[in-house]
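*Asks:* Questions regarding the structure given below will be posed in turn.
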Amino acid sequence: MRKTQWFNFRNFFHKPSLTSSIKPRPIAAYSFVPFSPVAMLDPTILTIGGIVLGIAIIERILERWGVIDLADQFSKVMRFILPVAFYSSLFYFFATFMF
């Protein structure tokens, strides 16, 4: 059971307590993930993701402008590029990551 500290009203408001009434307890933290998610901020992975995202944005802009033929060509190319970019980024991440 914890020891209770007593303060009278005047001392509580006019004199700051020199000792903390709460003691920090050590916490055992366990991670189920063997790597840090910050490792995904690798410049190569971000560059590949930025290029793919840029192409997708260009495709949407072309659809809005009414250039459907060119947007359709972009979508056909993206059907090939997206899986290749994803799996190559995944391979690069696991090949260069130190476990």
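The values are calculated or read from the model by the stated rules, or taken from the named source; none is laboratory data. These numbers were taken from a predicted model, which means no experiment stands behind them. For neighbour counting, all protein chains shown are included, and Cβ atoms are generated from backbone atoms with ideal geometry for every residue, glycine included. Ligands, DNA and RNA are stripped out before the accessible areas are found, and what is left, the full protein with its side chains, is counted by its heavy atoms. Shrake-Rupley method; radii C 1.70, N 1.55, O 1.52, S 1.80 Å.
*Asks:* Do we have residue 71 as at pLDDT 85 or above, over 19 Å from the mean Cα position of the chain (by Cα) and surrounded by 10 or more Cβ atoms within 10 Å (Cβ to Cβ) here?
*Replies:* yes
*Asks:* May I pose another question? What pairs come up if the first residue lies in region 84-95 and is touching a residue at least 40 places away in the same chain (Cβ under 8 Å), the second is among the small types (Gly, Ala, Ser) and surrounded by 10 or more Cβ atoms within 10 Å (Cβ to Cβ), and their beta carbons are under 8 Å apart, counting only those six or more places apart or on different chains?
*Replies:* What qualifies is 89/49; 93/39.
Here is a yes/no grid of residues against (1) in contact with a Gly (Cβ under 6 Å, 6 or more places away or on another chain); (2) at pLDDT 80 or above; (3) in a loop (DSSP other than H, G, I, E, B); (4) of a type in the set (A, V, I, L, M):
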position: 2; (1), (2), (3), (4): no, no, yes, no
position: 12; (1), (2), (3), (4): no, no, no, no
position: 22; (1), (2), (3), (4): no, no, yes, yes
position: 49; (1), (2), (3), (4): no, yes, no, no
position: 75; (1), (2), (3), (4): no, yes, no, no
position: 81; (1), (2), (3), (4): no, yes, no, yes
position: 86; (1), (2), (3), (4): no, yes, no, no
position: 91; (1), (2), (3), (4): no, yes, no, no
position: 95; (1), (2), (3), (4): no, yes, no, yes
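*Asks:* Considering only region 74-83, how many residues are open to solvent by 60 Å² or more (accessible area, probe 1.4 Å) and in contact (Cβ under 8 Å) with a residue 24 or more places away in the chain?
*Replies:* 1
*Asks:* Residue 63 fails exactly one of the following numbered conditions: (1) under 28 Å from residue 38 (Cα atoms); (2) open to solvent by 50 Å² or more (accessible area, probe 1.4 Å); (3) in contact with a helix residue (DSSP H, G or I) (Cβ under 7 Å, 6 or more places away or on another chain). What is the number of that condition?
*Replies:* So the condition that residue 63 fails would be (1).
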